[in-house]
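Notes follow once the structure below has been shown.
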Amino acid sequence: MCLIIYNNFAYVYDKLTLDIDYKRWADYVESIFKRNNLSASMVLELGCGTGSFGVEMARRGYDMICLDLSSDMLDCAAEKAKKEDLDILFLNQNMCSFELYGTVDAIVCLLDSFNYLTNSSQINKMFKLVKNYLNPGGLFIFDVNTQYKFENTIADNLFYEINDEVTYIWENDYNKKTRKARFDLTFFVKKDELYERFDETHYEKAYYDSEIMDFIKNSGMEFVSRFGELTLRKPSPASQRNFYVCRK
């Protein structure tokens, strides 16, 4: 299995990610298209979650294919698209073994979905498929949580938030030797006058830049750019999220 299957978490995900400006993320991806003279029409998103980015891109006229391993996430995503009468193809597939009926102009993997792949064989499989389903000259754009973020922000910290609808406790355990992080999340979600508790455990891995460059090289794709978070500038040593762009 390549990605964790979200269950109850899917239905509270949007409440916990209100700080993510998906319009800004779509603007950013479009700026990379423009920078590389890519006239993209059909775009595949790997690990689409509840579909907020895909919906924003579909609003802008892109033919979107959105793929996720979690059927619960996809249910939420399909409901969003239906409300806006957007024609998005949602696929319940693993991003390490997905199948398409044709090729696309660009593929994106965002919001640290890459870090959920915790061994190199998973990543190599994903890259092989990405190359296979990209049109010649097509772009693969992905981001990663950096090693700096894992060591200095995530580390072994405890995060929490309390509000009327959803309360959560997020406890981290980061192993510097393996560069793997375990996230133990406990949620209390209001239902009528009571609160329902559920627990989730997620795993991510930090990757060296040199490892990522090797993944790209081994895939046979061309490395194009590396950027700091939502910029078109080189990342700083303290960058918490880096973007990579490669071309078939």
(message) Cβ contacts < 7 Å: first residue more than 14 Å from Lys180 (Cα to Cα), restricted to the stretch 131-153; second residue among the hydroxyl-bearing types (Ser, Thr, Tyr) and surrounded by fewer than 23 Cβ atoms within 10 Å (Cβ to Cβ), any location; separation 6+ or different chain. Result?
(response) Lys131/Ser219; Tyr133/Thr103; Leu134/Thr103; Asn135/Thr103; Phe142/Tyr244
(message) Being of a type in the set (Lys, Arg) and surrounded by fewer than 17 Cβ atoms within 10 Å (Cβ to Cβ) is the filter here; which residues of the stretch 203-225 pass it?
(response) Lys217
(message) Looking at the stretch 31-54 only, could you name the residues that are of a type in the set (Val, Ile, Thr) and surrounded by fewer than 22 Cβ atoms within 10 Å (Cβ to Cβ)?
(response) Ile32
(message) Going by what's in this entry, would Ile65 be described as assigned by TED's automatic domain parsing to the domain that holds Leu139 and not in a helix (DSSP H, G or I)?
(response) yes
(request) Scan the stretch 85-109 for residues that are of a type in the set (A, V, I, L, M, F, W, C), surrounded by fewer than 22 Cβ atoms within 10 Å (Cβ to Cβ) and outside any strand (DSSP E or B) and jot them down. (result) Leu86, Cys96, Phe98, Leu100
(request) Kindly establish whether Glu200 is in contact (Cβ under 8 Å) with a residue 40 or more places away in the chain, closer than 22 Å to Ile20 by Cβ, acidic (Asp, Glu) and surrounded by fewer than 16 Cβ atoms within 10 Å (Cβ to Cβ). (result) no
(request) Give just the number: which of (1) outside the structural domain of Phe127 (by TED's automatic domain parsing); (2) touching a residue at least 40 places away in the same chain (Cβ under 8 Å) does Gly220 not satisfy? (result) (1)
(message) Which numbered condition in (1) aromatic (Phe, Trp, Tyr); (2) closer than 15 Å to Asn218 by Cβ; (3) not assigned by TED's automatic domain parsing to the domain that holds Phe98 is the only one that Phe140 fails?
(response) (3)
(message) I'm checking my understanding of the structure. Among residues of the stretch 125-168 that are of a type in the set (Val, Ile, Thr) and closer than 21 Å to Asn115 by Cβ, which one is surrounded by the fewest Cβ atoms within 10 Å (Cβ to Cβ)?
(response) Thr153
(request) Give the residues of the stretch 228-248 that are buried (at least 16 other Cβ atoms within 10 Å of the Cβ), within 16 Å of Met213 (Cα to Cα) and either without any contact (Cβ under 8 Å) to a residue 60 or more places away in the chain or of a type in the set (Gly, Ala, Ser) (or both), sorted by residue number. (result) Gly228
(request) Kindly list, by first and then second residue, each pair from a residue in the stretch 155-178 that is free of Cβ contacts under 8 Å to residues at least 24 places away in the same chain to a residue that is of a type in the set (A, V, I, L, M) and part of a loop (DSSP other than H, G, I, E, B), limited to pairs with Cβ atoms under 8 Å and residues at least 6 apart or on different chains. (result) Asn172/Ala155
(message) Just to be sure I understand the filter: pairs with C-beta atoms under 8 Å, separated by 6 or more residues or on different chains, first member in the stretch 34-61 and assigned to a helix (DSSP H, G or I), second member charged (D, E, K, R) and surrounded by 24 or more Cβ atoms within 10 Å (Cβ to Cβ). Which pairs pass?
(response) Phe53/Glu45; Gly54/Glu45; Met57/Glu45
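The values are calculated or read from the model by the stated rules, or taken from the named source; none is laboratory data. Predicted, not measured: the structure shown is a model, and the values here were computed from it. Neighbour counts run over all protein chains shown; Cβ positions are idealised from the backbone, glycine included.
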